[in-house]
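The block underneath contains the structure these notes are about, expressed in structure tokens.
Read the figures in this text as sums done on the coordinates, not as results from a lab. In this text, all values refer to a predicted model and were calculated from it rather than measured experimentally. Counting neighbours? That spans all protein chains shown, and the Cβs are built from the backbone with ideal geometry, glycine included.
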Amino acid sequence: MKCYLVTGTDTSVGKTFISGILLNLASSMGYKTAGFKPIASGIKKKKGGKIYNSDVLFLKKNSSIELTEKEVNVFSFTEETSPYIASIINNRKISTKTISKHFNFLKKKANLIIIEGVGGWYTPITKTKTFADWVKTENLPIILIVYLKTGCINHAILTKKAIKNDNLNLVGWIANNFQKKKLYHKEYLIDLKKRLLPTKLLGIVPFLKNKKNIAENIKYINFQFK
């Protein structure tokens with residue numbers, strides 16, 4: 001059984017999309033894969049009143065085994081804000097024990113799980129806990145997503161130090177080019193490669209016009225899941 005936690009230097013840095021690529025990469029190697037997003041915000045309603053979260057559906061679609069939305073996601077909130085704030089608004093406490101229970105169930109179905117974190121490293125989920133506390137409990141190896149933009153070097157260094165201070169294994173980082181205009185991307189990469197050593201650069205995902213065929217993008221990541 002292999003499990004990896006995908007975290008980011010901030011929210012909206014491409015964790016979901018790159019988690020999808022990692023799921024497809026692992027599937028191409030013969031693994032039975034499952035995507036897991038314990039906490040999701042920004043739930044939307046379809047016509048007819050059915051609710052959904054696009055990130056959850058994306059991970060479900062890119063898992064190689066059949067999963068329900070409830071198996072992929074444990075806690076969902078309509079509000080696009082901090083999980084802790086959303087939990088207060090909805091009077092629904094986030095339980096790390098419940099998350100672990102769902103996680104252990106997934107382990108019985110898949111032999112490789114990609115867990116997508118929520119927000120940045122220390123995103124609050126209860127009055128006293130951050131999502132990092134759950135990651136520490138499970139002792140998960142971590143893949144860091146760095147969105148190449150102004151401030152990314154500072155955010156990447158801070159996140160790496162936080163992960164190391166929590167005594168967890170940062171197995172590598174992936175650079176993500178969301179923006180079409182590559183302002184200083186080359187310079188950011190050169191500097192990040194030096195400052196994040198000895199952490200391995202696992203891949204550079206370029207700006208992609210067509211993101212529908214996720215399997216085509218596994219070529220941008222070099223990781224053997226060892």
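Remark: the residue 65-residue 102 segment gains 11.7 nm on full extension, using 0.36 nm per residue and subtracting the alpha carbon distance. How fast does the stretch 146-192 diffuse by Stokes-Einstein, in µm²/s, taking the Kirkwood radius from C-alpha pairs at 10 °C and 1.306 mPa s? D, rounded to a whole number, is 138 µm²/s. The mean sequence separation of alpha-carbon pairs under 8 Å and at least six residues apart, normalised by the residue count of the stretch 100-211, gives a relative contact order of 23 percent.
If each residue of separation counts as 0.36 nm, what is the full-extension length gain between residue 29 and residue 12 once their alpha-carbon separation is subtracted?
Values: separation 17, 0.36 × 17 = 6.12 nm, distance 2.81 nm.
Gain on stretching residue 29 to residue 12: 3.3 nm.
Over the Cα atoms of the stretch 163-226, compute the convex hull volume and normalise it per residue, giving Å³.
On the way: hull volume 7.3 nm³, N = 64.
Once divided by residue count, the hull of the stretch 163-226 is 113 Å³.
Pairs of Cα atoms in the chain fall into 5 Å distance bins, from 0 up to the last occupied one, in shares of 1, 7, 15, 19, 21, 18, 12, 6, 2, 0, 0 percent. The 3J(HN,Hα) values that the Karplus relation (6.51, -1.76, 1.60; θ = phi - 60°) gives for the stretch 133-142 are, in residue order, 5, 5, 4, 5, 4, 8, 6, 8, x, 10 Hz. Gly and Pro appear as x. Sorting the Cα pairs of the stretch 1-112 by distance into bins of 5 Å, from 0 upward, gives 2, 12, 20, 24, 21, 13, 6, 2, 0 percent per bin. With the cut-off at under 15 Å, measuring from each backbone N in the stretch 53-71 to a point 7 Å along the Cα-to-Cβ line of residue 111 picks out 64-65. For the residue pairs 50/149; 160/226; 32/127, the alpha carbons lie more than 30 Å apart in 50/149; 32/127. Axis angle, to the nearest 10 degrees, between helix 15-28 and the longest C-alpha principal axis of the chain: 90 degrees.
In sequence order, the stretch 161-174 has phi-based couplings of 5, 5, 5, 5, 5, 8, 6, 10, 8, 8, 6, x, 9, 10 Hz under the Karplus curve 6.51 cos²θ - 1.76 cosθ + 1.60, θ = phi - 60°, and Gly or Pro positions carry x. Applying 1/(1 + (r/R0)^6) with r as the Cβ-Cβ distance of residue 169 and residue 79 and R0 = 35 angstrom yields a FRET efficiency of 0.60.
Which whole-number percent is the relative contact order of the chain (Cα, under 8 Å, 6+ apart)?
Details: 415 pairs, mean separation 57.8, N = 226.
That works out to 26 percent.
A straight chain from residue 187 to residue 1 at 0.36 nm per residue would run longer than the Cα-Cα distance by 63.2 nm.
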